[in-house]
Amino acid sequence: MKYYSTKDKACARAFSLREAVQAGLAPDGGLFVPERIPQADMAVAERLAGESYAALAGYLAELFFGDDIDPGLLRREMERIYDFPLPLRRVGSRYTLELFHGPTFAFKDYGAGFMGRMIGLMGGAGEKLVILTATSGDTGSAVAHGFYGVPGVEVVLLYPEGKISRLQECQMTTLGGNIHPLRVAGTFDDCQRLVKGLFADAKFRAGHRVSSANSINLLRWIPQAFYYFYGYCLWRQQTGGGRPVVVVPSGNYGNLSAGMLARRMGLPLGGFVAASNRNDVVPEFLRSGEYRPRPSVRTPANAMDVGAPSNFERMLWLCGGEPDALRDELEGFRCDDAMIRRTIDGLHRNYGYLSDPHSAIGYAASVACGKPGFYLSTAHPAKFGEVISPVTGAAVPLPPRLARLACLPRVSEPMAADLGALEQFVAGI
Ligand SMILES: *Cc1c(COP(=O)(O)O)cnc(C)c1O
């Protein structure tokens, strides 16, 4: 399989999987997309879903990556990455696919775990690869766990000191091994600026193999299509219904655009709801036809605080560049901060169900949409106790795996918000 940039309309320049993965973003500033979208056999998919998520994911991954990675290895690796449950649960009057039972309790584990292990399988070249990621919390922990112990790969995580939750810091700083967390004296924007600065330094890059594990990376994007198939199969089993509408709590729209990819692979979904917080660039576009990216505002669902969603470009590409086609496939929903809290409260009081703020937006959108289907739950409530507790009046219990982390020694290096210091650190690994 070859890959092209979304901006390369004439398909003039093809990239190999290895090139596309290492570059992350195409040289022309576009996003990588596959040369063709492989078709899944739904009878095979339903049979494999009956076995395990890993079996289904192995089949779907082979459709994309079977030429680049040995299919036997690919399937075996899926068993190691996806060794946690993925339940479709009834919540109140709706259904939800709980994507938060992975190693870091957020749906980003599906993409980051896949990317880490695939990079390991693609390895070969022998030369050390440094993966750099700036994080405001969740991405860093998912990437750290996804790449932990991958031979030939060192991971450098930059996070703003004192500006992420203790739990998030524990998830990044208690692994050791090939994971190198840097606590930067500055803000998240400083961290991002440092990473961008290093990538822009051609002289430094010529001497060091560096890459990023950004959410736009192909190897994080494509595997997110696979759980839509699984959710669909569980939905069919549990309800007998067909063509579910899937509600996706969205920020950068990697998750939702992966659902659109699944649909084009032959998955019979009824459409999607783009559920946003006050950062409602996409719902606004669906309503008005005007796309106006802008700076983000802070909300209780902070992983969705994105004002200029990177994957909008991929969504348009999937619709053949036709904004009207995109507006036919998606409904929009906007949830303000008060509604997020009201929904968390209602779910807890009426059904005894604890919901994190992102998933609560999914529930509210699912109720508002009213069509048969399910919503995606993107994070475990234990990760957002500081939002939930003031609403419910009770502490959110930590799963034992998270509670244990809090007792482990945290190890990170202090780092000035200075490009020279970062480059020296990376060169010294
Ligand atoms: C990243 C994230 C989202 C948004 O997903 P996108 O793919 O960026 O749209 C939603 N919820 C949680 C908990 C997340 O971590």
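The values are calculated or read from the model by the stated rules, or taken from the named source; none is laboratory data. Bear in mind that the values here come from a model prediction, so they are computed numbers and not experimental data. Here the Cβ positions follow ideal geometry from the backbone for every residue, glycine too, while neighbour counts run over all protein chains shown. For accessibility, only protein heavy atoms count, side chains too; no ligands or nucleic acids. Shrake-Rupley method; radii C 1.70, N 1.55, O 1.52, S 1.80 Å.
The figures follow:
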read-out	value
Residue selected from the range 131-143 under the condition modelled with pLDDT under 90 and in a helix (DSSP H, G or I), by the criterion nearest to the ligand (Cβ to nearest atom)	Asp138
Residue in the range 289-307 that is of a type in the set (Asp, Glu) and crowded, with 21+ Cβ neighbours inside 10 Å present	no
Residue satisfying all of: in the range 253-270; touching a strand residue (DSSP E or B) at 6+ places or on another chain (Cβ under 7 Å) and in a loop (DSSP other than H, G, I, E, B); nearest to the ligand (Cβ to nearest atom) among these	Leu269
Wholly enclosed strands (runs of 3 or more DSSP E) of the range 29-109 bearing at least 2 residues open to solvent by 50 Å² or more (accessible area, probe 1.4 Å) and farther than 27 Å from Asn214 by Cβ	88-91
Selection status of Ala325, out of contact with any helix residue (DSSP H, G or I) (no Cβ under 6 Å at 6 or more places or on another chain), without any contact (Cβ under 8 Å) to a residue 40 or more places away in the chain, under 28 Å from Ala382 (Cβ atoms) and away from the ligand (no atom under 16 Å from the Cβ)	no
Residue tally, condition closer than 15 Å to Phe64 by Cβ, more than 20 Å from the chain's Cα centre (by Cα) and not basic (Lys, Arg), over the range 15-36	3
Pair list, Cβ under 7 Å, 6 or more apart: the range 10-26 residue under 12 Å from Asn214 (Cα atoms) and in contact (Cβ under 8 Å) with a residue 40 or more places away in the chain, other residue of a type outside the set (Phe, Trp, Tyr) and in a loop (DSSP other than H, G, I, E, B)	Val21/Asn217; Gly24/Asn214; Gly24/Ile216; Gly24/Asn217; Leu25/Ile216
Whichever residue in the range 286-308 is assigned to a loop (DSSP other than H, G, I, E, B) and of a type in the set (D, E, K, R) and, among such residues, is farthest from the ligand (Cβ to nearest atom)	Glu290
Residue ranges of helices (runs of 4 or more DSSP H) in the range 144-224 with at least 2 members buried (at least 23 other Cβ atoms within 10 Å of the Cβ)	166-173, 188-200, 218-221
Residues located in the range 233-252, provided they are more than 16 Å from Cys335 (Cβ to Cβ) and within 16 Å of the ligand (Cβ to nearest atom)	Val246, Asn252
Number of positions in the range 365-391 that are in contact with an Asp or Glu (Cβ under 8 Å, 6 or more places away or on another chain) and either open to solvent by less than 30 Å² (accessible area, probe 1.4 Å) or within 13 Å of the ligand (Cβ to nearest atom) (or both)	10
